[in-house]
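Read through the structure below, which is laid out as C-alpha cells, and then see the notes.
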Amino acid sequence: MFFLLSKLLLYALIPLGIWVLVRLSRRLRWRRWLVPAGLALFVIGTNNALSNEALLAWELPPTPLRGLGPHDAAVLLTGITEIRKSPHDRVYLGPGADRLTNALWLYRAGRVRRIIISGGSGAVGAVAHTEARDLYTLLRLAGVPKAHILLEERSRNTRENALFTKQLLARHPEIQSLVLITSAFHQRRALGCFRRVGLAPTPWPADFRTTDRQADPAYWLLPSAGATVRWSLLLHEMVGYVTYKVLGYC
C-alpha cells in the first residue's frame, strides 16, 4: 500500500494546489494579486540561479576521492535504468548514470572490494527484468568479476533498499564497512533509511543536478526550462523526505 501511495502523493499535490488557487481567486480581495503572483512564480520557477542555489542547499556535497578510505563494499542504489523499453536485449540508462560510473570508479580505484546492487523495480506491474540485473550486466561487461557483485532485487523504494540490503548482509558477515552511492539530492533520505535499520554507510553522493555558481549574467537573468526541472525534482524529494520522516523510515 505504501508503495502505491508514494507513487501517487506528488501527483495529488498538483491538483490540490490548483484547487486552492481557484478557491482563493473567487475571493474579490485576492484577485488583484493573481497577476503579480503569477509573474513572480514564473520568474522564480524559470530562474536558473535560484533553482540551482536551492538544490545546492539540499544536495549533500561531493566527497573527494582521496578522502575515502578502503571499504568492504559499495551499495549502489538503482533507479537509473528504463526497464520498460524494448527490445530487452540491452540496457537503457537514464538520468543518474553517474551512480553506476562512480561505483565502478571506486571499485577500480581500490576504495571498495565489492559492489552491492540494490533495486528491483519501481514500476507498477510485471517487468521483464530488474534494475539491479541491468546494472549487473553493465558491471560484468566492464570487467568486474561475478564474485565481487552482490544482487538485491526485491526492493521497490528507498526504505526497502535499506531493509533488504541489511538482510543480504546478514549472509555476508565479512562485509563490515559500506559506501552508499546514490544521487546527491537523494542521499539525505537514503542515508537516513540505512541508519534507521542499523547500518552506518559512508555517503558517496553522485549524479549532481547542480552546477558551480557562475558570474555569467545569463546564469542569473535568462529564463531556463532546466530551472523548472530542478524545482520539480527538489519538491518531489522534499515531499518524500518529510513523508519518510513522519513514518519513521529515516
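Treating the beta-carbon of each Lys and Arg as +1 and of each Asp and Glu as -1, no other charges, what is the dipole magnitude of region 65-206 about its Cα centre, to the nearest 20 debye?
The dipole magnitude comes to about 240 debye.
Compute the convex hull volume of the Cα atoms of region 65-206, divide it by the residue count, and report the result per residue in Å³ as a whole number. Don't jump to the answer; show the numbers that get you there.
On the way: hull volume 14.7 nm³, N = 142.
Convex hull of Cα atoms, per residue: 103 Å³.
Using a cutoff of 8 angstrom between alpha carbon atoms and counting only pairs six or more residues apart, the relative contact order for region 143-250 works out to 27 percent.
Legend: calculated FRET efficiency, Val197 to Leu41, from the Cβ-Cβ distance at R0 = 41 Å, rounded to 0.05, equals 0.55. Extending 7 Å from the Cα toward the beta-carbon at both His88 and Thr101 defines two label points whose distance is 2.9 nm. Taking a straight line from the alpha carbon of Lys146, these aspartates and glutamates sit under 18 Å away, with near neighbours fewer than eight places off in the same chain left out: Asp72, Glu131, Asp134, Glu174. If you take all other residues with their beta carbon under 14 Å from the beta carbon of Phe194, and give Lys and Arg +1 and Asp and Glu -1, the sum is +4. Note on region 188-236: Rg/Rh from Cα positions, Kirkwood definition for Rh, rounded to two decimals, is 1.16.
Where does each of 174-183, 103-112 land if you order them by average Cβ count within 10 Å, highest first? Kindly include the intermediate steps, with their values, before the conclusion.
Details: 174-183: 20.6, 103-112: 18.5.
Ranking, from highest mean packing down: 174-183, 103-112.
Placing a label point 7 Å from the Cα of Leu50 along the Cα-to-Cβ direction, the residues of region 220-248 with a backbone N closer than 18 Å are 220-236.
Please give me the summed charge of the neighbours of Pro61: other residues whose Cβ is under 13 Å from its Cβ, Lys and Arg +1, Asp and Glu -1.
Residues near Pro61 contribute -1 overall.
Sequence-distant contacts, meaning Cα pairs under 8 Å at least 6 residues apart, place the relative contact order of region 143-201 at 35 percent.
Hey, got a sec? Which trypsin sites (Lys or Arg not before Pro) in region 157-187 land in a DSSP loop and have at most 11 other Cβ atoms within 10 Å?
Numbers: sites: Arg159, Lys166, Arg171; in loops: Arg171.
In loop regions of region 157-187 (DSSP not H, G, I, E or B), the sparsely surrounded trypsin sites (Lys or Arg not before Pro) are Arg171.
Each label point was placed 7 Å from the Cα along the Cα-to-Cβ direction; for Thr137 and Glu174 their separation is 2.9 nm. Which aspartates and glutamates, if any, have their Cα less than 13 Å from the Cα of Lys245, not counting same-chain residues under 8 positions apart? Straight-distance partners of Lys245: Glu237.
Each reported figure results from applying straightforward, stated rules to the coordinates on display, with no laboratory input. Quick caveat, the model's predicted, so the values are computed rather than measured. Note that we place each Cβ from the backbone using ideal geometry, even for glycine, and neighbour counts take in every protein chain shown.
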